[in-house]
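In what follows, a structure is listed as structure tokens, so that the remarks can point back to it.
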2 protein chains.
Amino acid sequence: MRPQGFLRRTDAVWRWKLTKIAELPRNEAGLAAALEELSQVFGDNLLTGQAIREQHGHTTTWIKTQAPDGVVMAASTEDVAQAVRICAAHKVPVIAFGTGTSLEGHVNAPAGGICIDVMQMDQVLEVNAGDLDCRVQPGVTREALNTHLRDQGLFFPIDPGANASLGGMTATRASGTNAVRYGTMKDNVLSLEVVMADGRVIRTGGRARKSSAGYDLTRLMVGSEGTLGIITEITLRLQGVPEAISSARCSFPTVQAACETVMAVIQYGLPVARIELLDADVVKAVNAYSKLTLPETPLLLLEFHGSDAGVVEQAETFGMLAEEFGGTGYAATTTPEERKKLWQARHDGYWAVLALRPGCKAVATDVCVPISRLADAVVAAQVRAEELKLIAPIVGHAGDGNFHASLLIDMDDADEVARGETFVSWLAELAISMDGTCTGEHGIGQGKRAYLSKELGAAVDVMATLKAALDPDNILNPGKILPG
Amino acid sequence: MRPQGFLRRTDAVWRWKLTKIAELPRNEAGLAAALEELSQVFGDNLLTGQAIREQHGHTTTWIKTQAPDGVVMAASTEDVAQAVRICAAHKVPVIAFGTGTSLEGHVNAPAGGICIDVMQMDQVLEVNAGDLDCRVQPGVTREALNTHLRDQGLFFPIDPGANASLGGMTATRASGTNAVRYGTMKDNVLSLEVVMADGRVIRTGGRARKSSAGYDLTRLMVGSEGTLGIITEITLRLQGVPEAISSARCSFPTVQAACETVMAVIQYGLPVARIELLDADVVKAVNAYSKLTLPETPLLLLEFHGSDAGVVEQAETFGMLAEEFGGTGYAATTTPEERKKLWQARHDGYWAVLALRPGCKAVATDVCVPISRLADAVVAAQVRAEELKLIAPIVGHAGDGNFHASLLIDMDDADEVARGETFVSWLAELAISMDGTCTGEHGIGQGKRAYLSKELGAAVDVMATLKAALDPDNILNPGKILPG
């Protein structure tokens, strides 16, 4: 069954340009003055070499690098506040930087400016095991946190794939494979310390599990991509390591059957911890890259968390549901080594896919639709990519209705680039027409600004009002999220 | 063990005044002009009789009524927008009204103004069973929604006790007995339609389970108590009715033992759907009010949701944990009738407690602390109430660390009122000193404004900046949340 009607709509007005990332006007006098003052205050911790600047404007994507003019290596909240105050005085852009693994040009400096690298702020400040929470600096990575927690029987569930910094994950409202069970960063940040655009430091809350104390500044900052403030401490919810964890995989004759199984799982209320879709192209890529021998048809990878008995019950229920949709080769991976190997292969999917067509750039898409539309959306995306003669392997955090078609584009082929632009715009419009979103987890950054108004209309004006109120000189990560 | 150190701290500067709710300056000319214009537009749907006005400024609490000057019975989003536009033109306050069951003076009109009653906007607009979501108007009550959903095997879990409107629950970030498992309104609202202070109508999102598309306006509006916009539609997450539900109760020798059991349950990761604390005074009150024969010692009421086997396993695990802390009389209530009776008694707790001392007002407190501090906080509250010769029965959504000591105050006894003020301020400060919050679920309203700055410091200035940006003439529910 092929979805009808929305396949061929285009809208030239908001059509996305893959190759054009705007430069913004530079405040040359302010930049020079700010660099001078920062140099006096930070000495060797202000870096201005070209290589280090380019590294701090680098993303793992197709988006071209727009390097900042200098990089402050911050060691404390006060460092961040002081750097922001200096930049504010000279009306110079400030861009926060963690691991640089964001996918929408978030760390680029289209108007130049000062990058604040927080990776030296890498301390786990406290772990309250009895309260299942912890307080960390923004440069702690998710893997470092989980290593720190391991001995206490705790873990932090959000896993976007990359070993990202928790500051960056908070700023982009990251999620990933475990979100179907544990939610996104929105659900797992209890409170924040934030440096505002004028250098003030605020705390948005305490450690209570819930609060009705005023406006939810925590959630306003989560996902604000460094445009409303710079996150300097994060209080996170933790989870106890489940009594039992089991993984499983199941192959399907069609991607539609796999999606329909996911829909049934969610509608049934089965509390899967992970349910990931790999289309046949991705399975082929993963087999080649990770030396696996998975059947080269659409695949679901699963993980179940619970009690010993609960995990067995979940796995049995899944098996029953999958069978209805033609699932085959349903196999539990019983050992931790096997489980790790399978999930490592999933996490390496991005690199595996890139290896399908060496020399090309991967243009990641990130739509998310209501779960009942998942099969329609994925099938439509495959059909449209084929029509446009594009290679667009699909992986999905299917339980959330979120999937990524990664276009492999030869950036020197103008026609292919144009077809890529057509696909990306079409897919965003498809998701929006299904009551979904153009970005489930990557954020808007530079790359998706064109879609935000399409998706949210007048609400974007309200966002602009908030931005202007909290950052009247537009120094915090300018050129991100908001159009213009 | 009696907690030390924090029992006797007071801070005269922010000491709360039970008896003083400020009047704000009235814009008499604007009010007259707005009423005239609203009358032309809304005709009989503008009500100005004294009884109806007082009813719309009435709360169930000790807080005195400050009636609005007129009540618009809105039937549509356009009605709300039009009423707001008229009030905005005349710089006249606008106060949204649902069931009037809020507890902190949220519906009062300290500067006069126009109440917009949304209870005629009571339609469930769509239910997407396959996506586990629905879209409702703000006047739908939680019981009406659950009645609507029953045939589809779905339910909406948030249960603050009162049969509140979903608009009001959203506006106050309500939670209640099920939050330990299902979260609060923050976690269960997917997106909103909101009328802004100038009458613009925005939508904050679609129906995707997650999104990283710009600032989280949904969460900014949830809990904003009608001060940033008026909610005219709510898209909610739903849950499938669990395969099995069982309830249980367990008595404890001391409130400390009961709290320590709750702490163990949370730290163990047992996914209880409800775990409610009633201290011995409340059990006595409930026995008298609801004709029950519960042992008159501290009690936990529980509910387990899951598969048939899962519910049994949860109940067994709870029994094992409770035994360690001296729990006795652990009994599962197997029939729906028995379960309903027990939970009805819990929900009637407020009225049962009021009946303990006829003629008195109940002054509700609402602190929430990290779970590891729950026993300390509850015991300290009991000790402090006794020292102050106050009757302050305690119920708690214990799994969240949230509890309510309801002071029964003879408002004609100035000395008792003063002791009540001392207690309320002391308890808020205690919770804040424990990294908790002065309000877990009731909101700030008029009653708790004094504590907000104490709890969040400079963050409150940021809230004021947001308020000024979105509502520059301060027409939306003035005198609520923000100090001054």
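Given the condition at pLDDT 95 or above, among the polar types (S, T, N, Q) and more than 30 Å from B:Pro393 (Cα to Cα), answer yes or no: does some residue in region B:216-230 qualify?
Checked against the condition, which is being at pLDDT 95 or above, among the polar types (S, T, N, Q) and more than 30 Å from B:Pro393 (Cα to Cα), region B:216-230 yields at least one hit.
Give the number of residues within region B:120-169 that are of a type outside the set (S, T, N, Q) and outside any loop (DSSP other than H, G, I, E, B).
Of the residues in that region, 25 qualify.
Has region A:347-368 got any residue that is closer than 12 Å to A:Cys250 by Cβ and assigned to a helix (DSSP H, G or I)?
No, that holds for no residue.
Taking the options A:Ala431, A:Ala414, name whichever one is farther than 19 Å from A:Arg274 by Cα and at pLDDT 95 or above.
From the options A:Ala431, A:Ala414, the qualifying one is A:Ala431.
Considering A:Ile95, A:Ile86, which residue is crowded, with 24+ Cβ neighbours inside 10 Å and either in the same structural domain as A:Ala33 (by TED's automatic domain parsing) or not small (Gly, Ala, Ser) (or both)?
None of the others qualify; the one that does is A:Ile95.
Search region A:265-285 for residues being assigned to a helix (DSSP H, G or I) and within 22 Å of B:Tyr182 (Cβ to Cβ), and hand back the single one that is modelled with the highest pLDDT.
A:Val265
Restricting the search to region B:429-473, which residues are closer than 15 Å to B:Leu220 by Cβ and of a type outside the set (Val, Ile, Thr)?
B:Gly443, B:Ala459, B:Met463, B:Ala464, B:Leu466, B:Lys467, B:Ala468, B:Ala469, B:Leu470, B:Asp471
The rows are residues; the columns are (1) at pLDDT 95 or above; (2) within 25 Å of B:Val379 (Cα to Cα).
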| residue | (1), (2) |
| --- | --- |
| B:Trp14 | no, yes |
| B:Thr19 | no, no |
| B:Leu31 | yes, no |
| B:Thr48 | yes, no |
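Anything in region A:150-175 that is within 12 Å of chain B (Cβ to nearest Cβ) and either crowded, with 24+ Cβ neighbours inside 10 Å or among the basic types (Lys, Arg) (or both)? List them, or say none.
A:Ile158, A:Pro160, A:Met169, A:Thr170, A:Ala171, A:Thr172, A:Arg173, A:Ala174, A:Ser175
Return a yes/no flag: does region A:309-328 have any residue that is part of a strand (DSSP E or B) and over 29 Å from the mean Cα position of the chain (by Cα).
Scanning region A:309-328 turns up at least one residue that is part of a strand (DSSP E or B) and over 29 Å from the mean Cα position of the chain (by Cα).
As an exercise: evaluate A:Ala364 against (1) in contact with a helix residue (DSSP H, G or I) (Cβ under 7 Å, 6 or more places away or on another chain); (2) within 14 Å of chain B (Cβ to nearest Cβ); (3) among the small types (Gly, Ala, Ser) and give the number of the one condition it does not meet.
(1)
State the number of residues belonging to region B:46-95 that are among the β-branched types (Val, Ile, Thr), under 25 Å from the mean Cα position of the chain (by Cα) and closer than 25 Å to B:Val194 by Cβ.
So the answer is 7.
Can you tell me which condition A:Leu430 does not meet? The list is (1) touching a Phe, Trp or Tyr at 6+ places or on another chain (Cβ under 9 Å); (2) within 10 Å of another protein chain (Cβ to nearest Cβ), and all the others hold.
A:Leu430 satisfies all of (1) touching a Phe, Trp or Tyr at 6+ places or on another chain (Cβ under 9 Å); (2) within 10 Å of another protein chain (Cβ to nearest Cβ) except (2).
Determine which single condition A:Ile394 fails, assuming it passes every other condition in (1) over 30 Å from A:Ala273 (Cβ atoms); (2) more than 10 Å from every other protein chain (Cβ to nearest Cβ).
(1)
For a quick check of your reading of the model, give me the residue pairs whose first member lies in region A:315-327 and is on the phi > 0 side of the Ramachandran plot, whose second is outside any loop (DSSP other than H, G, I, E, B), with beta-carbon atoms closer than 8 Å and at least 6 apart or on different chains.
A:Gly326/A:Ala257
Against the definition (among the hydroxyl-bearing types (Ser, Thr, Tyr), surrounded by 21 or more Cβ atoms within 10 Å (Cβ to Cβ) and under 19 Å from B:Thr177 (Cα atoms)), how does B:Thr365 come out, yes or no?
The answer is yes for B:Thr365.
Looking at region B:406-438, which of the residues that are in contact with a Lys or Arg (Cβ under 9 Å, 6 or more places away or on another chain), crowded, with 24+ Cβ neighbours inside 10 Å and of a type in the set (Gly, Ala, Ser) is nearest to B:Val265 (Cα to Cα)?
Checked region B:406-438; the qualifying residue nearest to B:Val265 (Cα to Cα) is B:Gly436.
If you go through region B:193-219 one residue at a time, how many are under 22 Å from B:Arg85 (Cβ atoms) and either within 8 Å of chain A (Cβ to nearest Cβ) or not hydrophobic (A, V, I, L, M, F, W, C) (or both)?
Final tally of qualifying residues: 10.
If we scan region A:234-247, do we find a residue that is closer than 23 Å to A:Val84 by Cα and in contact (Cβ under 8 Å) with a residue 24 or more places away in the chain?
So far as region A:234-247 goes, yes, one or more of its residues are closer than 23 Å to A:Val84 by Cα and in contact (Cβ under 8 Å) with a residue 24 or more places away in the chain.
Identify, please: which residue in region A:332-354 is surrounded by fewer than 14 Cβ atoms within 10 Å (Cβ to Cβ) and either in contact (Cβ under 8 Å) with a residue 12 or more places away in the chain or of a type outside the set (S, T, N, Q) (or both) and is, among those, nearest to A:Ala164 (Cα to Cα)?
Filtering region A:332-354 for residues that are surrounded by fewer than 14 Cβ atoms within 10 Å (Cβ to Cβ) and either in contact (Cβ under 8 Å) with a residue 12 or more places away in the chain or of a type outside the set (S, T, N, Q) (or both), the one nearest to A:Ala164 (Cα to Cα) comes out as A:Gln344.
Residues in region A:78-101: is at least one closer than 24 Å to A:Ile409 by Cα and among the polar types (S, T, N, Q)?
Yes; the residues of region A:78-101 include at least one that is closer than 24 Å to A:Ile409 by Cα and among the polar types (S, T, N, Q).
Those residues that are in contact with a helix residue (DSSP H, G or I) (Cβ under 6 Å, 6 or more places away or on another chain), crowded, with 24+ Cβ neighbours inside 10 Å and of a type in the set (A, V, I, L, M, F, W, C), I need them from region A:190-212; list them, please.
Selection gives A:Leu192, A:Val194, A:Val195.
Within region A:122-134, can one find any residue that is crowded, with 22+ Cβ neighbours inside 10 Å, touching an Asp or Glu at 6+ places or on another chain (Cβ under 6 Å) and in contact (Cβ under 8 Å) with a residue 60 or more places away in the chain?
The answer is no, given that none of the residues of region A:122-134 is crowded, with 22+ Cβ neighbours inside 10 Å, touching an Asp or Glu at 6+ places or on another chain (Cβ under 6 Å) and in contact (Cβ under 8 Å) with a residue 60 or more places away in the chain.
If you take the residues of region A:235-276 that are within 14 Å of chain B (Cβ to nearest Cβ) and among the small types (Gly, Ala, Ser), which of them is surrounded by the fewest Cβ atoms within 10 Å (Cβ to Cβ)?
Out of the qualifying residues, it is A:Ala244.
Name the residue, out of B:Gly399, B:Gly440, B:Gly457, B:Gly447, that is on the phi > 0 side of the Ramachandran plot and within 14 Å of another protein chain (Cβ to nearest Cβ).
Selected residue: B:Gly457, the only one of B:Gly399, B:Gly440, B:Gly457, B:Gly447 that is on the phi > 0 side of the Ramachandran plot and within 14 Å of another protein chain (Cβ to nearest Cβ).
Pull up region B:98-116, narrow it to residues that are in contact with a Cys (Cβ under 9 Å, 6 or more places away or on another chain) and either free of Cβ contacts under 8 Å to residues at least 60 places away in the same chain or on the phi > 0 side of the Ramachandran plot (or both), then point me to the one that is surrounded by the fewest Cβ atoms within 10 Å (Cβ to Cβ).
B:Ala109
The values are calculated or read from the model by the stated rules, or taken from the named source; none is laboratory data. Quantities reported herein were computed from a predicted structural model and do not represent experimental measurements. Heads up, the Cβs are rebuilt from the backbone with ideal geometry, glycines too, and the neighbour counts pull from every protein chain shown.
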